[in-house]
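Asks: What follows is a structure written as structure tokens; I'll ask about it next.
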Amino acid sequence: MGMTMAEKILAMHSGKEEVRPGEIVMARLDFMLGNDVTAPLAIKKFRELSDKVFDRERIAIVLDHFTPNKDIKSAEQCKFSREFAREQGIKWFFEGGNVGVEHCLLPELGLVLPGDLIIGADSHTCTYGALGAFATGVGSTDLAVAMATGEAWFRVPETVKFVYSGELQPWVTGKDLILHTIGDIGVNGALYKAMEFSGEVVEGLSMAERMTMSNMAIEAGAKTGLIEPDGKTLAYVKERAQRGFTPVKSDEDAVYSKVVEYDVSELEPIVAFPHLPENTVPVSKASKMDIKIDQVFIGSCTNGRYEDLKMAAEVLEGQKVAEWVRLIVIPCSRNVYFRAMKEGLLEVFHEAGAVIGPPTCGPCLGGHMGILASGERAVSTSNRNFVGRMGHPESEVYLANPYVAAASAVLGRIASPEEVVK
Amino acid sequence: MKARGRAWKYGDHVDTDVIIPARYLNTSDPSELAKHVLEDLDPEFRFRVGPGDMIVAGENFGSGSSREHAPIAIKAAGVSCVIAKSFARIFYRNAINIGLPILEAPEAVERIETGDELEVDFSTGEIRNLTKGETYRAEPFPEFVMEIIESGGLVEYTKRRLGK
């Protein structure tokens, strides 16, 4: 009986020939990460266990959430993390001009690779599933123990396979595939499980769009969201990889707890309404509801990559943002920022009337740089639209792809890109 | 080990953003976090919760972020236990890792109402509703998870494992 990718990676890392869903394994980790919110707690717990990290080259500390430091308390958290990184000689410490949103930065730098087993003290660690890594979010205590021992325990998850077929309509992206999926199965539709995204449509997506899909596996409750490494994956990692890696694919006879098939030929861009990512509405319907907006955010670990900014620029080229809308664009890393600058995307945003921010998670989690007041509405390319996610508990967040976000900024209401680009 | 307290009942998908909003994540001090626990879901909770009280909720409790600040805030507010139909997986791990008792008990959640006086026996998983005169049973934990709980959390478990 074969194994799924998730099972194979867990078996490989726990010294077993095979593992089965439900089994609990202690496994060796390839990489781990924490940020300015989660690392300080992890460091305090780590001190109780050890005075030296297990391997200074397999840990990343990324100060990306409330940076550039938004207040004194945040600055203290960063200082505490920085001192630890220096003391331990952590090789992959990022702040200031080197920082990027962690889940954009680490793939871009070749620190997370196919076949890896990775934990991160951040729920969107599942993003690296797009590279074929078993990557999952944990809390600070799990990170603390892992920094001391290089290991973590896992319950082997059942895998649900999602197969996407058909040909995508214009303006439909990886973001819409994952929102459609969450809308179908619900925010706990894959609770405790691994998702595996496959099929001709996924094969046709860019690495950036694949990362968008895997990134939101957690929004269906999943432990991770995997995509089999193919030629695109290998081309992406080949020029970046900082160490060796072993790509893993699911066996032909792997056992899935469920296989879900979608023909997405008729799929439209999707908007997820407040206050859950499962509240999905096709853009043709949402755009007729005259939902006035106050802010648009284009960025985050979900949709802040170069390809996402290019989508937004395609709609914003030669356009102006509605006068009552604040458009905030945040390239997710220094490389993305620089490329967007060189290739003229920042100019398009500037001309349209956007504010362009430094790489940070910032507004996505209501941290800083774009907090909403009571009664305000935002369209965001990020991943969560929970109550109070981006600010006041009486504000509202609508999730969408970069095309829809850009079109909405121009028209000042939730809009379809077709209404702007004729 | 037993706990006793009043029930505070909520619905499905109580997420970590309403348990402790990101605007308070610039600290990890438990007493600071407890001051804001559940603020965006039930602004009265933090003022009225008593020592030993229990949160009772539907499916997918603790969904969203990996912030361990969420179970820390709940524990520091004096809550003795969270009973839910199901937990989001990172919250589940975090609660066990930091020693906040959690119980999966769908039937109990159906029956319990806010204000009911509850008594929980963690060794047997028995939940007694003293107000209604009913008894429910929670799902047992896997043996490995039980070892972490009995050690007093993951750090203590690891110390034991490493022979420290």
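Asks: Being touching a residue at least 40 places away in the same chain (Cβ under 8 Å), surrounded by 18 or more Cβ atoms within 10 Å (Cβ to Cβ) and at positive phi, is that true of even one residue in the range B:10-31?
Replies: Yes, the range B:10-31 contains at least one residue that is touching a residue at least 40 places away in the same chain (Cβ under 8 Å), surrounded by 18 or more Cβ atoms within 10 Å (Cβ to Cβ) and at positive phi.
Asks: Taking A:Ser374 as the residue in question, decide whether it is crowded, with 18+ Cβ neighbours inside 10 Å and either over 25 Å from A:Thr181 (Cβ atoms) or within 14 Å of another protein chain (Cβ to nearest Cβ) (or both).
Replies: no
Asks: Residues A:Val379, A:Val355: which one is out of contact with any Asp or Glu (no Cβ under 9 Å at 6 or more places or on another chain) and in contact (Cβ under 8 Å) with a residue 40 or more places away in the chain?
Replies: On inspection, the qualifying residue turns out to be A:Val379.
Asks: Tell me, please, whether a residue that is closer than 23 Å to A:Pro363 by Cβ, touching a strand residue (DSSP E or B) at 6+ places or on another chain (Cβ under 8 Å) and of a type in the set (S, T, N, Q) can be found in the range B:26-44.
Replies: Within the range B:26-44, none of the residues are closer than 23 Å to A:Pro363 by Cβ, touching a strand residue (DSSP E or B) at 6+ places or on another chain (Cβ under 8 Å) and of a type in the set (S, T, N, Q).
Asks: Residue under question is B:Arg128, and the condition is that it be of a type in the set (Lys, Arg) and under 25 Å from B:His13 (Cα atoms); does it hold?
Replies: Considered against the rule, which asks whether it is of a type in the set (Lys, Arg) and under 25 Å from B:His13 (Cα atoms), B:Arg128 comes out as yes.
Asks: When you scan the range B:86-125, how many residues do you find that are crowded, with 17+ Cβ neighbours inside 10 Å and either without any contact (Cβ under 8 Å) to a residue 12 or more places away in the chain or basic (Lys, Arg) (or both)?
Replies: 2
Asks: Tell me, which strands (runs of 3 or more DSSP E) wholly within the range A:191-292 include 3 or more residues that are closer than 20 Å to A:Pro170 by Cα?
Replies: A:270-272, A:280-282
Asks: Answer yes or no: is there a residue in the range A:379-391 that is over 24 Å from A:Lys292 (Cβ atoms), buried (at least 20 other Cβ atoms within 10 Å of the Cβ) and either among the polar types (S, T, N, Q) or more than 14 Å from chain B (Cβ to nearest Cβ) (or both).
Replies: Among the residues of the range A:379-391, not one is over 24 Å from A:Lys292 (Cβ atoms), buried (at least 20 other Cβ atoms within 10 Å of the Cβ) and either among the polar types (S, T, N, Q) or more than 14 Å from chain B (Cβ to nearest Cβ) (or both), which makes the answer no.
Asks: Which members of the range A:157-190 meet the condition of being in contact with a Leu (Cβ under 8 Å, 6 or more places away or on another chain), aliphatic (A, V, I, L, M) and closer than 22 Å to A:Ser250 by Cβ?
Replies: A:Leu177
Asks: Next question, about the same structure. Please work out if A:Ala235 is free of Cβ contacts under 8 Å to residues at least 12 places away in the same chain and hydrophobic (A, V, I, L, M, F, W, C).
Replies: Criteria met by A:Ala235.
Asks: A:Ala190 versus (1) away from chain B (no Cβ under 13 Å); (2) crowded, with 23+ Cβ neighbours inside 10 Å; (3) not basic (Lys, Arg): which is the lone unmet condition?
Replies: Evaluating A:Ala190 over (1) away from chain B (no Cβ under 13 Å); (2) crowded, with 23+ Cβ neighbours inside 10 Å; (3) not basic (Lys, Arg) leaves (1) as the failure.
Asks: Here's a follow-up. Taking the range A:256-294 as the region of interest, how many residues are in the same structural domain as A:Pro21 (by TED's automatic domain parsing) and farther than 25 Å from A:Val160 by Cβ?
Replies: The qualifying residues number 0.
Asks: On the basis of being farther than 23 Å from A:Thr381 by Cβ and surrounded by fewer than 17 Cβ atoms within 10 Å (Cβ to Cβ), does A:Ser250 make the cut?
Replies: no
Asks: Has the range A:392-414 got at least one residue that is farther than 22 Å from A:Val62 by Cβ, away from chain B (no Cβ under 14 Å) and free of Cβ contacts under 8 Å to residues at least 40 places away in the same chain?
Replies: No: the range A:392-414 contains no residue that is farther than 22 Å from A:Val62 by Cβ, away from chain B (no Cβ under 14 Å) and free of Cβ contacts under 8 Å to residues at least 40 places away in the same chain.
Asks: Report, by residue number, each residue of the range A:137-171 that is more than 9 Å from chain B (Cβ to nearest Cβ), buried (at least 19 other Cβ atoms within 10 Å of the Cβ) and of a type in the set (Gly, Ala, Ser).
Replies: Answer for the range A:137-171, where residues must be more than 9 Å from chain B (Cβ to nearest Cβ), buried (at least 19 other Cβ atoms within 10 Å of the Cβ) and of a type in the set (Gly, Ala, Ser): A:Ala146, A:Ala152.
Asks: Hey, another quick one. Output the residues belonging to the range A:44-74 that are at the interface with chain B (Cβ under 10 Å from one of its Cβ atoms), hydrophobic (A, V, I, L, M, F, W, C) and surrounded by 17 or more Cβ atoms within 10 Å (Cβ to Cβ).
Replies: A:Phe46, A:Leu49, A:Phe66, listed by residue number.
The values are calculated or read from the model by the stated rules, or taken from the named source; none is laboratory data. Everything numeric here is computed off the predicted structure, so don't read it as measured data. Cβ: placed from backbone, ideal geometry, glycine included. Neighbour counts: every protein chain shown.
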